[in-house]
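Participant: Let me begin by handing over the structure; questions about it come next.
Here, each number is a calculation from the coordinates, and none is a lab measurement. In this text the structure is predicted, and so the values were computed from the model without any measurement. Please note: Cβ atoms are built from the backbone with ideal geometry, for glycine as well, and neighbour counts cover all protein chains shown.
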Amino acid sequence: MFKTPPAKPPRTIRYVEEAFRHIQEKKNIRDIVVINELGHPVKSTMEFENSVKFAGLFQELRGRMERGMDKIDPTDELRMLRVRTKCHEILLVPDSKITVIVVQNADK
């Protein structure tokens, strides 16, 4: 479903905790979901059931983007997906072991 990412060092629980804390300290952050390589939420500010649904929807969007990008340039890779609505901005940042999804309030 996804392109195979380049080999990178494993992500430890400590790494996930530090990244989560670092993001949480930023202003205007509404929700954070950290997903493992299998697509399962491992840490989230949302209730578990909501984080599972949210992760699934954005993993599907990620897969579609990667397949579309593959048709444009097979050597390219997705680094960040940014979706902005009138009220919120959603950032999806994948790497080889985890994917971080952040929902923040859009600046008005």
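Participant: Using alpha carbons only, what's the Rg to Rh ratio of the stretch 13-105 with Rh from Kirkwood?
Facilitator: Rounded to two decimals, Rg/Rh equals 0.97.
Participant: Please give the peptides 77-86, 96-105, 39-48 ranked by average Cβ packing (other Cβ atoms within 10 Å per residue), highest first, as a rough proxy for protection.
Facilitator: Per-residue mean Cβ counts within 10 Å order the peptides as 96-105, 39-48, 77-86.
Participant: Can you compute the charge dipole magnitude of the stretch 10-50 about its Cα centre, using +1 on each Lys and Arg Cβ and -1 on each Asp and Glu Cβ, nothing else charged? Give it in debye, rounded to the nearest 20.
Facilitator: 220 debye
Participant: Non-local amide H neighbours of His88 (under 5 Å, H modeled in plane, Pro and chain starts lacking H): which ones?
Facilitator: It is Ala106, by chain and number.
Participant: Determine the calculated [θ] at 222 nm for the chain from helices alone, applying -39500 (n - 2.57) to every DSSP H run no shorter than 4 residues and normalising by the residue count; nearest 500 deg cm²/dmol.
Facilitator: -11500 deg cm²/dmol
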